[in-house]
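S.K.: Encoded as structure tokens, here's the structure I'll be asking about.
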Amino acid sequence: MQNRRHRVLLVLSALSLALVAACEPAPGEDGAKPAPSASAESPPPSEEPGPEPQDPEESEAPDPGTSPSPSPSPSPSLEPEPEPEPEAPEPSPTSSPSPGPTPSPSASPRPTPTPTPEPPATNQGFTPVRPSADSRLVYVSSSTGDDANPCTEAKPCRSLEKGTSLMRAGYPDHLYLKAGDVWKNESLGFARSGRSASEPAVVTSYGKGARPRLESRGGTRVLSFNTGRQGLLDSVWFIGLHVANVRLDPAHPEFTGVKEDKQTAMFLGGHKNILLEDNVFDHMEVVFQEWEGRNPESITIRRNIFTGAYTSTSSYSQSSRPSNMYLDGLKGMLLEENVFDHGGWNPVAQGAGANMYNHNVYVQYSPFGATHEVRGNFFTNASSHGIQMRSGGVAEDNFFGRNAIALLLGYGEDKPLGADAPVRAVDNVVTEGHSMMKGHDFCEGPNLCTLALWGIELKPPRTHPIVGERNVIHSRSRLQDEGFKKLWPQRNDLSVAGLQVYNQRLDPKNPPAGVRENLEWHWLTPTQDTGSGDYPDPGRTLGDYFQHLRAQGVLDELVRSGLVDRVRQGEDDFDSFVQLQLHRAPGTWDERITAGAVNDWIRAGFGL
């Protein structure tokens, strides 16, 4: 597989450099709402292939803004309701999109994994930032700057407004924000377009320290680009920033946790050639959305950290449906090596329980699935889905942990995909499935939750070809997961399926064309095994991998290298590993804590 070959090359390069060194003396507006998830009726909890689910019932969703109405006995519906048409500000589009690139869905055979990861290849794989000959370099510091200054590195200006005002539309200008500084209720909303995809405008940091921190407090939208006065962006990179909604952060002194303080980083309309890389989006939903026929194009999301967008009404109502990312109508989309955690709910905030409408990532149905690639990401602790890819696409070598449903590709019989759109799930690992019954007052409102506990669902029309290869789906969550008994006391278990194909649980003895070499182990039942049964160390989890790194001395190395300032103790070892990811320092990387390394180690336990 291409990504794994790239990792091996990085590791070998790092070893070579080390040997040489040893011999010789570095939504916009609130109205733009996502649509609901699409969960088919769950098959019965048995190890035999289940019957085909029925079509979902359609009913009107409540109006946004209606008061929560707790319902202690919601009906066990397994389907979300249809989404009302999104509202949005009144934009005035200013440019027309052009076709984006179409990535190839093909993948090479997976190389033999290494049970113990190799030494790190740090500071590798980030997009290099190089000014052009005529780039204007603008420096901004909230701690030492003054807007009367010339905005140079020696004499920076202070405000984001001043800095963005010096960027010229159509030029490869760079806006540098001082590392470790904080801007409160200021906006980057008037950043300008670059010259081309190869000469973009860039917003990034300078100096050493933490990512520049842009704090929102419910009023100013820090990162929001609609089609009105800001216009459409073309060729802009945002690299190494920390965008924080402090009022939804339980650890911040200004925490409120209420819906009114929800924030969205919005790219509405035909923005193109946009890169988000190495940023932290702290309790902030990021939206790219088609508007008035203008589609976002060539959108790349790499190595970002998403800590969990949510709203305080999700336990009672579906009127607000946050996910970490909502992506609608994208022509050209790459999600690579990101961390998506706690999308759509919060374990501490009151009323912010999980439901079936909120996800880590939600890719809406569109005809552009041929241009969608999702590779090497972590999807953990989602409200419902780790990721919905309703348009199809390629999902490869991702890690999924403690989600109610890990991965959806396609959107059913009545939603045809483009002939060139792949439905391809390859080399993914799904572990420790956990239902959507979690959080404060979970599922108190009507029709908010389902019994589904699913691994991977391939759901295009039956005539559409699929590929599902070498995926591992194993084990229920080690956390207590019996919340369903509160809602459906007559039930003995959740509705469980490991790999679902065309709305039916996979029969491993009779798989459809394109589905092969997948392993389900202890998912449906504590004894389920669709493999050989002869494994060196089966059932490895993310928490086990954390302990493996500790035993190998890797955790201490990560602190010494500066990748993390310290090793944080989570609620358990699974959470402790997630904390490593959420606190990764800017511009640092270590192949030993990537999704690919985790997946290889888990596969090795099964002899794969």
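S.K.: Could you give each residue of region 395-401 its phi-based ³J(HN,Hα) in whole Hz, using Karplus coefficients 6.51, -1.76, 1.60 with θ = phi - 60°, and x for Gly or Pro?
M.R.: 10, 9, 6, 9, 9, 10, x
S.K.: Say a paramagnetic label sat at a point 7 Å from the Cα of residue 463, along Cα to Cβ; which residues of region 409-438 have their backbone N under 17 Å from it?
M.R.: 411-423
S.K.: Once each part is reduced to its C-alpha centroid, what is the distance from region 430-446 to region 324-374 in angstrom?
M.R.: Region 430-446 and region 324-374 have Cα centres spaced 17 Å from each other.
S.K.: Return a whole-number percent for the relative contact order of region 248-383, with Cα pairs under 8 Å and 6 or more residues apart as the contact set.
M.R.: Relative contact order for region 248-383 comes out at 22 percent.
S.K.: Through the Karplus equation 6.51 cos²θ - 1.76 cosθ + 1.60, θ set to phi - 60°, convert the phi angles of region 132-149 into ³J(HN,Hα) values in whole Hz; use x for Gly and Pro.
M.R.: In residue order, the calculated couplings are 7, 4, 9, 5, 9, 9, 10, 10, 9, 9, 6, 8, 10, x, 8, 5, 7, 6 Hz.
S.K.: Could you tell me whether region 395-443 comes out rounded, prolate or oblate from its Cα gyration tensor? Rule is a ≥ b ≥ c as square roots of the eigenvalues, rounded for a/c under 1.5, then prolate if a/b exceeds b/c, otherwise oblate. Before the final figure, lay out the partial values.
M.R.: Numbers: a/c = 4.61, a/b = 1.59, b/c = 2.89.
The shape class here is oblate.
S.K.: Could you tell me whether region 408-471 comes out rounded, prolate or oblate from its Cα gyration tensor? Rule is a ≥ b ≥ c as square roots of the eigenvalues, rounded for a/c under 1.5, then prolate if a/b exceeds b/c, otherwise oblate.
M.R.: Taking the square roots of the gyration eigenvalues as a ≥ b ≥ c, region 408-471 is oblate.
S.K.: Identify the residues of region 182-210 with backbone N under 14 Å of a label point that sits 7 angstrom from the Cα of residue 168 along the Cα-to-Cβ direction, or state none.
M.R.: 192-196, 201
S.K.: Using DSSP to call loops (not H, G, I, E or B), can you name the GluC sites (Glu not before Pro) in region 447-493 whose Cβ has at most 12 other Cβ atoms within 10 angstrom?
M.R.: 482
S.K.: Per residue of region 288-305, in order, report the coupling 6.51 cos²θ - 1.76 cosθ + 1.60 (Karplus, θ = phi - 60°) as ³J(HN,Hα) in whole Hz, putting x for Gly and Pro.
M.R.: Values per residue, Gly and Pro as x: 10, 9, 4, 8, 6, x, 10, 9, x, 9, 6, 9, 10, 10, 10, 6, 8, 10 Hz.
S.K.: Let me ask something else. First measure r as the distance between the Cβ atoms of residue 161 and residue 292, then evaluate 1/(1 + (r/R0)^6) with R0 = 30 Å and state the FRET efficiency to the nearest 0.05.
M.R.: 0.60
S.K.: Name all residues of region 419-442 having a backbone nitrogen under 16 Å from the label point set 7 Å from the Cα of residue 485 along its Cα→Cβ direction, giving them as ranges.
M.R.: 435, 437-438
S.K.: On to the next question. Using 0.36 nm per residue of separation minus the Cα-Cα distance, give me the extension gain between residue 251 and residue 556 in nm, one decimal.
M.R.: So the chain would gain 107.3 nm between residue 251 and residue 556.
S.K.: Cα centroid distance between region 479-525 and region 532-608, in Å?
M.R.: 26
S.K.: Which pairs in the list 184/486; 208/438; 415/485; 259/485 are over 32 Å apart, alpha-carbon to alpha-carbon?
M.R.: On the way: 184/486 43 Å; 208/438 39 Å; 415/485 34 Å; 259/485 28 Å.
Pairs exceeding the cut-off: 184/486; 208/438; 415/485.
S.K.: Which whole-number percent is the relative contact order of region 411-561 (Cα, under 8 Å, 6+ apart)?
M.R.: 25
Just so you know, all these numbers are worked out from the coordinates, no wet-lab data involved. Bear in mind that the values here come from a model prediction, so they are computed numbers and not experimental data. Here Cβ is always computed from backbone atoms with ideal geometry, including for glycine, and neighbour counts include all displayed protein chains.
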